[in-house]
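K.L.:
Structure in structure tokens, see below.
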Amino acid sequence: MQYHVVGGPERETRGAGRTLWMSSREVIFETERTLPAGTELEILVSWPALLEDRIGLQLWIRGFVLHTLSHGMTAGILKYQFRTRALVRAEGAHASSPACPLSAHAETVGSR
């Protein structure tokens, strides 16, 4: 997962981490750096399932830091959308393999 700050004095801050737990209201993730409570974020999570067995998805989240953990943060979710994303073909994968497409369309699949 990746995140970036969307407002305030740390708005240029970007980072990556690992999602530990997620619900429709909160996401807990590990990061090397933590941010103050109330910081607004956009979070991108690569979704493991494929749309129509061939199109990659990512979950886009707009939220804010609820609190900091020892090695991460809990973020409240304000809104989210599933978006399509390009997939990188695994080395040695056949070009026509439905599980390894070269690209996907940039569109919104669903949202809250």
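The values are calculated or read from the model by the stated rules, or taken from the named source; none is laboratory data. The model shown is predicted, which means the values in this text are computed figures rather than measured ones. Note that we place each Cβ from the backbone using ideal geometry, even for glycine, and neighbour counts take in every protein chain shown.
K.L.:
Out of the residues in region 49-105 meeting the condition of being loosely packed, with under 14 Cβ neighbours inside 10 Å and of a type in the set (S, T, N, Q), tell me which one is modelled with the highest pLDDT.
P.N.:
It comes out as SER70.
K.L.:
Tell me the strands (runs of 3 or more DSSP E) entirely within region 1-75 that contain at least 1 residues that are among the hydrophobic types (A, V, I, L, M, F, W, C) and touching a Lys or Arg at 6+ places or on another chain (Cβ under 6 Å).
P.N.:
So the answer is 2-5, 55-69.
K.L.:
Something else about it: Please give the number of the condition PRO48 fails out of (1) more than 10 Å from MET73 (Cβ to Cβ); (2) touching a residue at least 24 places away in the same chain (Cβ under 8 Å); (3) not aliphatic (A, V, I, L, M).
P.N.:
PRO48 satisfies every listed condition except (2).
K.L.:
Which of the residues that make up region 11-29 are crowded, with 16+ Cβ neighbours inside 10 Å and over 16 Å from LYS79 (Cα atoms)?
P.N.:
Answer for region 11-29, where residues must be crowded, with 16+ Cβ neighbours inside 10 Å and over 16 Å from LYS79 (Cα atoms): GLY15, GLY17, PHE29.
K.L.:
Continuing with this model, one more query. Which of the residues that make up region 1-17 are in contact (Cβ under 8 Å) with a residue 24 or more places away in the chain and either over 13 Å from the mean Cα position of the chain (by Cα) or over 18 Å from PHE82 (Cα atoms) (or both)?
P.N.:
Within region 1-17, VAL5, VAL6, GLY7, GLY8, GLU10, GLY17 meet the criteria.
K.L.:
Restrict the check to region 20-34 and report whether at least one residue is under 12 Å from the mean Cα position of the chain (by Cα), at pLDDT 95 or above and among the polar types (S, T, N, Q).
P.N.:
No, because not a single residue in region 20-34 is under 12 Å from the mean Cα position of the chain (by Cα), at pLDDT 95 or above and among the polar types (S, T, N, Q).
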